[in-house]
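The values are calculated or read from the model by the stated rules, or taken from the named source; none is laboratory data. For clarity, every value in this text was computed on a predicted model and none was experimentally measured. Because the Cβ atoms are built from the backbone with ideal geometry, glycine has one as well, and the counts that use them run over all protein chains shown. Note: areas computed on protein heavy atoms with side chains; ligands, DNA, RNA excluded. Shrake-Rupley method; radii C 1.70, N 1.55, O 1.52, S 1.80 Å.
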Amino acid sequence: MIDKRTAPLFFTEGAERIKGTLLCFSHLRWNFVFQRPQHLMSRFARDWTVLYWEEPIYGAAAPELQSSMCEDSGVIVVTPHLPDGLSPVEQTSALRSLLNEAVGSRPATPVLRWYYTPMMLPFSEHVGADCVVYDCMDELANFKGAPPELLPLEARLIDQADLVFTGGYSLYEAKRDRHRSVHPFPSSVDAAHFMAARSAGAEPADQSSIPGPRLGFYGVVDERMGLALLAEVADARPAWSLVIVGPVVKISESDLPRRPNLHYLGGKQYAELPDYLRGWDVALMPFAINDATRFISPTKTPEYLAAGCPVVSTPITDVVRHYGDVEAVKIAGSAGDFIAACDAALALSKQSDWLVQVDGMLKAISWDRSFKSMSNLIETEIAGRKSSRPIASPAIWPAERAKSYDVMVVGAGFAGAVMAERLAADAGKRVLVVDRRPHVAGNAYDRLDDAGVLIHQYGPHIFHTNSADVFAYLSRFTGWRDYEHRVLASVGDTLVPMPINRTTLNLLYGLDLRTEEEAAAFLAARAEPVDVIETSEDVVIAAVGRDLYETFFQGYTRKQWGMDPSELDKSVTSRVPTRTNTDDRYFTDTFQAMPAEGYTKMFERMLDHANIEVVLGMDFAEAQAAYGYDHLVFTGPIDEYFDYRYGKLPYRSLEFRHATLEVDQHQPVAVVNYPSQDVPYTRVTEYKHLTGQAAAGRTSITHEYPSAEGDPYYPIPRPENQALFKRYEALALAEPDVSFVGRLATYRYYNMDQVVGQALATYRRLAARWLEDRKPISAESASAVQAA
């Protein structure tokens with residue numbers, strides 16, 4: 001029986017901080033060596049109840065589970081204990097029963113099954129999961145003693161998995177054709193932990209008497225270790241002390257070479273490693289080149305470098321790939337070359353200039369970043385967004401570290417996607433698109449929810465434009481569904497058309513106005529003269545009077561903007577017309593339609609070009625450290641680009657609360673506004689009106705709550721804010737190799753078509769400049785520029 005007292009988090013119902021239950025099945029014991037599983041599961045345990053399932057221990061009288069909680073992380077470590085002599089079938093049955101006992105009391109929250117070994121699939125695959133992850137950190141089938149059933153089970157696991165992560169790029173190349181969603185996450189580093197080795201500190205007692213220079217290795221000592229190489233180095237340089245820290249596994253102690261200058265110190269705790277590294281001059285990775293090391297991506301490489309130790313390694317593929325151009329990493333194959341590389345590394349250890357390159361590189365790789373990218377991918381799956389998988393993996397490294405692009409585009413919304421498509425398809429540029437979100441399409445992102453309805457994750461996006469050019473451009477990437485948007489406003493118990501029209505007036509005041517002239521006269525009688533129209537309040541009162549202003553505009557504006565209309569620029573309410581006819585369409589543009597398959601599909605087609613690569617779940621600062629580029633297109637907040645030099649530009653944000661209702665229809669139109677301040681939200685959207693879907697018996701809605709905090713949506717139009725933007729704009733004009741495009745980069749509220757138009761115009765100007773500078777662009781682009 002599992003002792004529930006030792007696992008209180010796992011058995012606590014309704015813990016609000018917990019996103020769900022993560023069942024991690026690992027062949028590595030939690031307290032063995034602190035490596036990839038421990039780093040990742042410790043981070044997941046901040047938000048998830050993590051149950052770390054170890055391999056069985058044998059010799060029990062009857063099957064039972066023992067559990068304990070890791071005090072540092074909150075991970076619950078569960079170890080099954082089984083009797084000796086069970087057949088494979090009996091063992092699987094016993095483990096399945098123990099697992100059922102454990103998960104039977106789990107909270108009713110999402111469940112994630114995470115595998116480090118396919119061997120645990122047979123007793124666990126029956127557990128219902130919202131997402132299944134295969135984190136293939138090593139090619140276990142190539143390891144000594146691998147069971148023959150491992151490969152068939154791996155094929156089964158890959159077939160069941162929603163996501164496959166790989167522990168290195170070589171593994172990614174080996175697995176990427178076997179699954180639709182494979183993502184490389186090579187070894188990361190907790191740089192701060194190991195950088196402690198660069199400062200003075202205690203010397204471990206078992207190392208303090210070992211003479212220098214010291215060349216060290218830590219990690220598991222098994223069939224991957226080049227034992228003969230280790231002996232040759234010790235023999236060739238008897239004045240060097242070779243320090244080996246780590247447990248000996250799968251090989252015999254008698255297999256280890258013994259020399260006076262070879263020191264085996266055994267396994268150590270993760271927290272102790274910086275203390276040992278502090279006393280080393282050079283760090284070693286004397287791996288054998290064999291099947292077991294073919295796909296490894298050693299975690300210790302960046303850890304050694306973070307500690308300030310130059311590294312000497314045998315030619316492991318992923319080490320060469322990612323660190324071959326790093327001055328502090330010496331790579332050598334033969335024993336003679338390895339010894340010579342150690343000589344060079346010892347000389348380098350007396351210098352410090354090389355740390356500049358290392359520290360710049362370490363900024364781009366961290367376990368926190370790997371965890372964040374993995375979390376984004378997982379939450380995308382759990383949210384049911386399978387219709388729009390990330391176009392490219394948020395890999396911690398590109399295939400080659402030195403890879404560079406003609407243009408980096410920051411942001412995969414309208415501005416970024418249009419710029420990327422034109423730069424790639426028209427100018428022939430190699431383009432990298434990065435976005436901190438785990439999806440493309442920016443705020444226009446849509447997805448299928450649990451009811452099968454295509455909802456807009458960030459509130460309703462209704463496409464309308466008077467530009468034939470913009471409409472024709474987007475039509476390259478989508479078909480259209482005819483749709484004219486209609487909005488009702490809830491006033492008391494009545495729903496009336498918005499914007500205000502003749503029908504609105506008749507319903508609100510019990511009138512029978514039959515002509516435009518009658519409606520105009522009614523409004524004119526209520527309008528109040530305003531000498532100088534400066535604010536949003538002035539605009540409305542001068543047009544329709546105070547009663548209609550207070551009914552429709554004052555409360556709504558106060559909620560939306562967090563301030564009274566009298567404090568806002570006139571542009572805010574000028575966007576909403578007042579009509580004297582009965583036209584109840586919200587927009588009157590020439591082109592009004594919705595993308596037939598949704599916005600996300602349109603964006604995916606836009607970015608589906610051989611010259612475009614997309615990396616999601618990555619911040620600009622991380623991308624800047626990892627990738628090279630000649631020109632930057634920045635669509636994020638302009639104040640963020642300049643590190644808030646003059647302070648933050650004010651924005652309003654929104655909170656979206658999505659819900660599925662067990663009814664055919666919730667409201668008569670797609671959007672109902674709630675202008676009263678007594679209602680905390682501003683509007684409710686029902687998406688079936690937008691999509692034309694006919695999901696019987698269910699419908700999906702979203703309530704919008706304005707907020708002062710959160711993602712930036714609306715620039716707040718006040719003179720002092722515009723003045724602050726002008727200071728940032730002056731900085732932007734001094735950046736000739738950066739193009740600032742879109743709402744956030746230009747601090748303007750644009751409709752979608754206006755953003756597309758701005759991006760197309762920006763591209764044309766950029767292409768014209770390149771043509772003038774005689775930088776290569778396509779013949780089509782040159783002709784277009786000359787014609788323009």
Would you check if T535 is under 20 Å from V572 (Cβ atoms), of a type in the set (S, T, Y) and in contact with a Lys or Arg (Cβ under 7 Å, 6 or more places away or on another chain)? yes
Taking interchain pairs and intrachain pairs at least six residues apart, which have beta carbon atoms under 9 angstrom, with the first residue in segment 339-353 and closer than 17 Å to R198 by Cβ and the second assigned to a helix (DSSP H, G or I)? L348/W354
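Would you please name the residue that is modelled with the lowest pLDDT, looking only at residues in segment 366-391 that are of a type in the set (K, R) and either closer than 14 Å to R436 by Cβ or not in a helix (DSSP H, G or I) (or both)?
The residue in question is R389.
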Pairs under 6 Å by beta carbon, first residue farther than 17 Å from S187 by Cα in segment 25-41, partner part of a helix (DSSP H, G or I), six or more apart or different chains? F25/M120; S26/P37
Which residue pairs have Cβ atoms closer than 7 Å, lie 6 or more positions apart in sequence or on different chains, and pair a first residue in segment 528-546 that is open to solvent by 50 Å² or more (accessible area, probe 1.4 Å) with a second residue that is among the acidic types (D, E)? R546/E528
Mind listing just one residue for me: the one in segment 496-514 that is surrounded by fewer than 21 Cβ atoms within 10 Å (Cβ to Cβ) and among the aliphatic types (A, V, I, L, M) and, of those, nearest to A524 (Cα to Cα)? L513
Can you find, within segment 128-167, the residue that is most open to solvent (accessible area, probe 1.4 Å) among those that are within 27 Å of N376 (Cβ to Cβ) and acidic (D, E)? D159
When restricted to A489, A468, A451, the only residue surrounded by fewer than 19 Cβ atoms within 10 Å (Cβ to Cβ), touching a strand residue (DSSP E or B) at 6+ places or on another chain (Cβ under 8 Å) and in contact (Cβ under 8 Å) with a residue 24 or more places away in the chain is A468
Candidate set from segment 656-711 (those that are touching a Lys or Arg at 6+ places or on another chain (Cβ under 7 Å) and charged (D, E, K, R)); member that is most open to solvent (accessible area, probe 1.4 Å): E662
Filtering segment 204-248 down to residues that are part of a loop (DSSP other than H, G, I, E, B) and either in contact with a Leu (Cβ under 7 Å, 6 or more places away or on another chain) or surrounded by fewer than 14 Cβ atoms within 10 Å (Cβ to Cβ) (or both) yields S209, P211, G212, P213, P238, A239, W240, P247
Candidates L9, L86, L82, filtered to the one that is at pLDDT below 95 and either surrounded by 17 or more Cβ atoms within 10 Å (Cβ to Cβ) or of a type in the set (D, E, K, R) (or both): L9
Within segment 344-365, the residues that are small (G, A, S), within 16 Å of H322 (Cα to Cα) and either part of a helix (DSSP H, G or I) or at pLDDT 85 or above (or both) are G360
Please determine, by comparing only the residues of segment 712-745 that are within 26 Å of Y586 (Cα to Cα) and in a helix (DSSP H, G or I), which one is least open to solvent (accessible area, probe 1.4 Å). L744
For segment 662-685, check the following and say yes or no: at least one residue is of a type in the set (S, T, N, Q) and out of contact with any strand residue (DSSP E or B) (no Cβ under 7 Å at 6 or more places or on another chain). yes
Which condition number does C309 fail, the rest of (1) open to solvent by less than 20 Å² (accessible area, probe 1.4 Å); (2) touching an Asp or Glu at 6+ places or on another chain (Cβ under 8 Å); (3) part of a helix (DSSP H, G or I); (4) of a type outside the set (K, R) being met? (3)
Please go through segment 273-300 and give me each residue that is outside any loop (DSSP other than H, G, I, E, B) and among the hydrophobic types (A, V, I, L, M, F, W, C), ordered by number. L273, L277, V282, A283, L284, M285, F287, A292
Residue list for segment 416-441, restricted to those being open to solvent by 10 Å² or more (accessible area, probe 1.4 Å) and either hydroxyl-bearing (S, T, Y) or in a helix (DSSP H, G or I) (or both): E421, R422, A425
Filter result (in contact with a helix residue (DSSP H, G or I) (Cβ under 9 Å, 6 or more places away or on another chain), among the small types (G, A, S) and more than 19 Å from K372 (Cα to Cα)) within segment 19-60: S26
Of the conditions (1) charged (D, E, K, R); (2) outside any loop (DSSP other than H, G, I, E, B); (3) modelled with pLDDT of 90 or more; (4) within 22 Å of the chain's Cα centre (by Cα), E622 clears all except one; give me its number. (3)
Enumeration of residues in segment 555-593 that are assigned to a helix (DSSP H, G or I), surrounded by 15 or more Cβ atoms within 10 Å (Cβ to Cβ) and either free of Cβ contacts under 8 Å to residues at least 60 places away in the same chain or small (G, A, S) (or both): G555, T557, P565, T573
Over segment 690-711, the set of residues in a loop (DSSP other than H, G, I, E, B) and out of contact with any Gly (no Cβ under 9 Å at 6 or more places or on another chain) is G692, A694, A696, G697, E709, G710, D711
